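Bear in mind these aren't lab numbers, they're just calculated from the coordinates by the rules spelled out. Only a predicted model underlies this, so the values are computations on that prediction, with no experimental measurement involved. Cβ sites come from the backbone with ideal geometry, for glycine too, and all protein chains shown count toward neighbours.
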């Protein structure tokens, strides 16, 4: 069964911030996966003072997007709006079709069925989800621009035992977890959630 | 001679704690400064922290700072409270990635090995209304006792910090009591020749408590506050940030004395704090301009 495992390792996050971030992360991720036609079998988010962890199972390897006719701007709007709409669907303005509806005549884009790799989609969804967390209280540290509950040190991201590559602010994902022992941090390579 | 002194490796006097922290942070690359020569309420008020945490230039410093809090005096009768005590202060800009581990290693040099103790980082968001400063971080607890404040400054003298500094403030008396297993501050062993904390500071605690609570001339203090405030503003007009900040520190200490003499009402208190904050803001702003211009 497919497995997505993301672990955000930070300095100690106060419990109230941790609980809030964990709940938001779960809700936002559910929404964002659903918007990309991804329906996981299970989705869980855990937290400890130094870790926020996402564990998702049952995601497909490929996302199948069926052919569709997507309603666009109303006929008569400025040309720039129409060309932007066509561009957003990877089409030319001449590819758009005009159709009458109860509310007037609109442009429609015919989008062909396609398949997207889930890895690629997750590499977009997860950083966006992290960005969308609205911390009740957040901070900056060092010379970075990122805001987080407490300094974020590392992001482990694994999908089906392979590294899921994305950047989040100054951090690049890794395939190892950080273990704190007394006054040292050790890196331990990870293949899956277990 | 106390039992612990027999085991030289496991016993740390008050001055050992200071020496070892100085040595550790010096090796790390901090310059070791001396205490600031004015009365301050905490190590954060030393310009090496307040002003140096502003502006783009990297900075690494450590120092001991005697801290005076007149209202905390107890005439030398309370085993845990002093009106004059010591903080060991570390300031690093920008904050290093592994500062938590660097800090935990420093504890092992003063007899606190992390694996032998319950070390906790407990949320403690810090604010100083007089300095117009705020930071996020923790109190560090060792076996249930606070031994350090660990703060990432977000704002200082009303100005956003960029880059962010980390400040570590070790409570030297508390740490010494902990490592020497003493229940009374005055019983702390200052050195290995039998000199105790009370031999150095008990008389001072009695006399300064009497001054702070009973004898400080409040008319003089009120006048001195006005003088310090006026001098600070005049120096700020001349763009002299450091002398101006000295006057701000003087005003702040005078305010603390007036507070301990009980002559400031609740309503007046806010007004005084605002006036000191304005002096701190002005000093920070002039200092920052000087750093950017260079």
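Here is how the numbers come out for the structure above:
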quantity: Acute angle (nearest 10 degrees) that the helix A:79-88 long axis makes with the longest principal axis of chain A, alpha-carbon atoms; calculated: 50
quantity: Normalised contact order of chain B, rounded percent, pairs of Cα under 8 Å and 6 or more residues apart; calculated: 21
quantity: Pairwise FRET efficiency - residue A:179 versus residue A:95, Cβ, R0 = 56 Å, nearest 0.05; calculated: 0.55
quantity: Acute angle (nearest 10 degrees) that the helix A:118-132 long axis makes with the longest principal axis of chain A, alpha-carbon atoms; calculated: 70
quantity: Nearest-0.05 FRET efficiency for residue A:143 and residue A:35, computed from C-beta distance (R0 41 Å); calculated: 0.75
quantity: The protein assembly as shown - share of DSSP beta bridges that are antiparallel (%, nearest 5); calculated: 95
quantity: For B:97-105, mean number of other protein chain Cβ atoms within 10 Å; calculated: 4
quantity: Of A:77, A:56, A:45, the one that fluctuates the most in a GNM where chain A has Cα springs shorter than 10 Å; calculated: A:77
quantity: Shielding by partners, peptide A:141-151 (average Cβ within 10 angstrom, other chains); calculated: 5
quantity: Shielding score for A:176-185, defined as the mean number of other chain Cβ atoms within 10 Å; calculated: 4
quantity: Where Rh is the Kirkwood radius over Cα pairs, Rg/Rh for the range B:3-212; calculated: 0.96
quantity: Pairs of alpha carbons in the range B:173-294 whose separation is greater than 23 Å (percent); calculated: 52
quantity: Degrees separating the helix A:15-35 axis from the principal Cα axis of chain A, which is the longest one; calculated: 30
quantity: Rounded Å value of the spacing that divides the Cα centres of the range A:98-145 and the range B:78-98; calculated: 46
quantity: Bridge type composition, chain B - antiparallel percent by DSSP, nearest 5; calculated: 95
quantity: Segment residue A:44-residue A:131, length gained on full extension (0.36 nm per residue, minus Cα span); calculated: 29.5 nm
quantity: For chain B, built as a Gaussian network whose Cα springs stay under 10 Å, the top-fluctuating residue of B:274, B:80, B:98; calculated: B:98
